[in-house]
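Here the structure comes first, spelled out in structure tokens, and everything after it is commentary.
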Amino acid sequence: DERIKATWETIPSPNGHGYIRGYMVRPDSATSRSETPVKLPGVLVIHENRGLNPHTMDVARRFALENFVAFAPDCLTSVGGYPGDDYKGGLLFAKLDAAKRTQDLLAAAMWLKAHPAVTGKIGVTGFCFGGGQSNALAALMGPDLAAAAPWILSKLGV
């Protein structure tokens, strides 16, 4: 999509698994060649317990089309990243240290907040596991997080 600019970024996570890789997307209009680049609010988009699959990447792209800088980290980075299959991703996910996983996401959020393309205001959204992590980040970050919109589904599908 010519309206957005997408890159893969790897950021340090010293209290987590060492580093985390993610998909960063922003509107192309914000990456103009002018001397004063446009700063936008940021959104951290957290995947389900399967890794950074195509659906979550698409959600990040949709945020970029609404004039946000979106960063979708892959919690499976330390085990090779999303394997291209949700079932296999779920098996890998179960092998990760939960506390380090949360620290990886906290590092990603703080990195996004400080990114030069971001205004300093960020929100977080996530699906299932990512929804729970949205709540966890709200508690951990306090006023450093402007908004959290968790999407947690029960076993009833509600």
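The values are calculated or read from the model by the stated rules, or taken from the named source; none is laboratory data. From a predicted model like this one, the values you see are computed outputs, not experimental measurements. Because the Cβ atoms are built from the backbone with ideal geometry, glycine has one as well, and the counts that use them run over all protein chains shown. Each accessible area value is taken on the protein alone, full model and side chains, heavy atoms only, with ligands, DNA and RNA left out. Shrake-Rupley method; radii C 1.70, N 1.55, O 1.52, S 1.80 Å.
Heavy-atom accessible area per residue, the chain, 1.4 Å probe: how many Å²?
52 Å²
Taking all protein chains together and rolling a 1.4 Å probe, residue 124 ends up with roughly 10 Å² accessible.
Straight-line cross-link partners of residue 39 among the lysines, defined as a Cα under 20 Å from its Cα and at least 8 positions apart when in the same chain: 5, 113, 121.
In this simple spin-label model, placing a label point 7 Å from the Cα along the Cα-to-Cβ direction at both residue 65 and residue 114 gives a separation of 3.3 nm. Relative to the current alpha-carbon distance between residue 128 and residue 144, full extension at 0.36 nm per residue lengthens the span by 3.5 nm. Which of the following values of Cα extents along the principal axes in Å was calculated from the structure shown: (1) 46, 35, 33; (2) 47, 41, 33; (3) 98, 37, 20? Among (1) 46, 35, 33; (2) 47, 41, 33; (3) 98, 37, 20, the one calculated here is (1). Over all Cα atoms in segment 52-140, the spread is summed up by Rg and Dmax: 13.2, 37 Å. By accessible area, using a 1.4 Å probe on protein heavy atoms only, the chain has 55% of its surface on carbon and sulfur. Ligands, DNA and RNA excluded, the heavy atoms of residue 77 present near 20 Å² of accessible surface to a 1.4 Å solvent probe. Considering only 40, 91, 106, the Gaussian network model of the chain with Cα springs below 10 Å gives its largest mean-square fluctuation to 91.
Taking all protein chains together and a 1.4 Å probe, the residues 102, 119 rank 119, 102 from largest to smallest accessible area. For the residues 143, 41, 116, a GNM of the chain with alpha-carbon springs under 10 Å puts the largest fluctuation on 143. If you sort 29, 78, 13 by accessible surface, 1.4 Å probe, largest first, the order is 29, 78, 13. Which angle from 0 to 90°, rounded to the nearest 10, does the C-alpha axis of helix 129-141 make with the longest principal axis of the chain? Rounded to the nearest ten degrees, it is 60. Within the full protein context, the accessible area of residue 151 is estimated at about 150 Å² for a probe radius of 1.4 Å. Cα axis of helix 54-65 to longest principal axis of the chain: angle in degrees, 0 to 90, nearest 10? Orientation of helix 54-65: about 20 degrees from the principal axis. Taking 7 Å steps out from each Cα toward its Cβ at residue 39 and residue 55 produces label points 3.5 nm apart.
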